[in-house]
Amino acid sequence: ERLRVVVRDPARLPGAVREYVEVVVGSHGDASVVDRAFDGADAVFWLVPPDASLTPEDAYSGFTGPAAKALAAHGVGHVVGVSALGRGTQLADRAGLVTASLAMDDLIAGTGVAYRALACPSFFENLLEEAGSIREKGVFTEAAEADRKAPLVAVADIAAVAEGLLLDRSWSGSGSVPVLGPQDLSPNDLARIITGQLGRPVRYERQSLDELRAGLVGYGLDEAFVQGVVDMKRAKDAGLDAGVVRTPDTATPTTFEEWCARTLKPAVLS
């Protein structure tokens, strides 16, 4: 396959990547950039970088609007996008960033392309933000109930599912592809596994939604975006991600133990 990538700064692409790809410089939220990028393309991988200076709607559907027009204009056949679990649940319309992501899926599907939304839970990689706290205090925080089990997934597994869909392209219509990881885990489960991997005690502390909101606002994030994060966390703690049954088709292979050994442990001990 010939690959074309959209990047703001080509210098940040590893040399081994640059020699295999055609580069379009700019933001994929820019109409002129996606017009160049989608010209002659058979398939597109779509991943929105949430912009905390915008409302959730602007950060997802607003950012995707130029691409939706370009997909139709250039007759792109297939699109695979990174999205979220929750569609069809009672919480889907009040789940903050997840609600915005599902609306983005509808926007892309409405262009007439064959579309698959990768319906993802939270990522293992979110814990990398806690590496410093784990190193210095032996603590990580989240807003979830300590014993609530939920699916979690490694981003490498999401990439593998996307790759398979982009290379196959025998599918049609629009729909979701759940990407659920190998098992449901609670924050207390994560603490136990991290403790075993590091060989020293690590515990989970639950953060209230008010504390979460205050911290994010303190970082200068847009208040509507912050509310989107809070609403998403509230919905997830109420079971937003529990609506899909794990099967051999929706499970992915990387365990949390494997990810900890390969990714979190080096980050904590660095």
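The values are calculated or read from the model by the stated rules, or taken from the named source; none is laboratory data. Note that the structure is a prediction, hence the values are computed from the model and not measured. Heads up, the Cβs are rebuilt from the backbone with ideal geometry, glycines too, and the neighbour counts pull from every protein chain shown. Only protein heavy atoms, including side chains, enter the accessible area calculation; ligands, DNA and RNA are left aside. Shrake-Rupley method; radii C 1.70, N 1.55, O 1.52, S 1.80 Å.
Once backbone amide H atoms are built at 1.01 Å from N, residue 174 has 115 as its partners under 5 Å, excluding neighbours fewer than 5 places away on the same chain. Here the chain is scanned for trypsin sites (Lys or Arg not before Pro) in DSSP loops (not H, G, I, E, B) that have at most 14 other Cβ atoms within 10 Å, and the longest stretch holding none of them is 9-168. Convex hull volume per residue, computed on the Cα atoms of region 184-270, equals 140 Å³.
In the chain, helices alone account for a calculated mean residue ellipticity at 222 nm of -11000 deg cm²/dmol, with every DSSP H run of four or more residues adding -39,500 (n - 2.57).
How large is the Rg to Rh ratio of region 17-65 when both quantities use alpha carbon positions and Rh follows Kirkwood? For region 17-65, the value is 1.02. The mean sequence distance of close C-alpha pairs (under 8 Å, at least 6 residues apart), as a share of the length of the chain, puts its relative contact order at 21 percent. If you fit an axis through the alpha-carbon atoms of helix 155-168 and take the longest principal axis of the Cα set of the chain, what angle between them do you get, 0 to 90°, nearest 10? Between helix and principal axis, roughly 20 degrees. Exposure check, 1.4 Å probe, all protein chains in place: residue 252 carries approximately 10 Å² of accessible surface. On the chain, 52 percent of the accessible area sits on carbon and sulfur atoms, based on a 1.4 Å probe.
Taking Rh as the Kirkwood radius, which is the inverse of the mean 1/r over Cα pairs, what is the Rg/Rh value for region 68-122? Ratio value, two decimals: 1.02. Sparse packing (at most 15 other Cβ atoms within 10 Å of the Cβ) combined with a DSSP loop state is found for the following GluC sites (Glu not before Pro) in region 116-191: 145. In whole percents, the pair-distance distribution calculated for region 135-215 from its alpha-carbon pairs, binned every 5 Å from zero, is 3, 12, 16, 16, 16, 13, 9, 8, 6, 2, 0. Hydrodynamic estimate: the Kirkwood radius of region 64-164 over Cα pairs, inserted into Stokes-Einstein at 4 °C and 1.567 mPa s, corresponds to D of 82 µm²/s. Residues in region 106-111 carry Karplus couplings, in order, of 4, 4, 5, 4, x, 6 Hz; the curve used is 6.51 cos²θ - 1.76 cosθ + 1.60 with θ = phi - 60°, and Gly or Pro positions show x. Within the same chain, lysines fewer than 8 places from residue 69 are excluded, and of the rest, none has a Cα less than 20 Å from its Cα. Cross-link partners of residue 233 among lysines, defined as those whose alpha carbon lies under 26 angstrom from its own and excluding same-chain residues fewer than eight positions apart: 137, 149, 265. The alpha carbon convex hull volume per residue for the chain rounds to 139 Å³. Summed over the residues of the chain and divided among them, the accessible surface reaches 50 Å² per residue at a probe radius of 1.4 Å.
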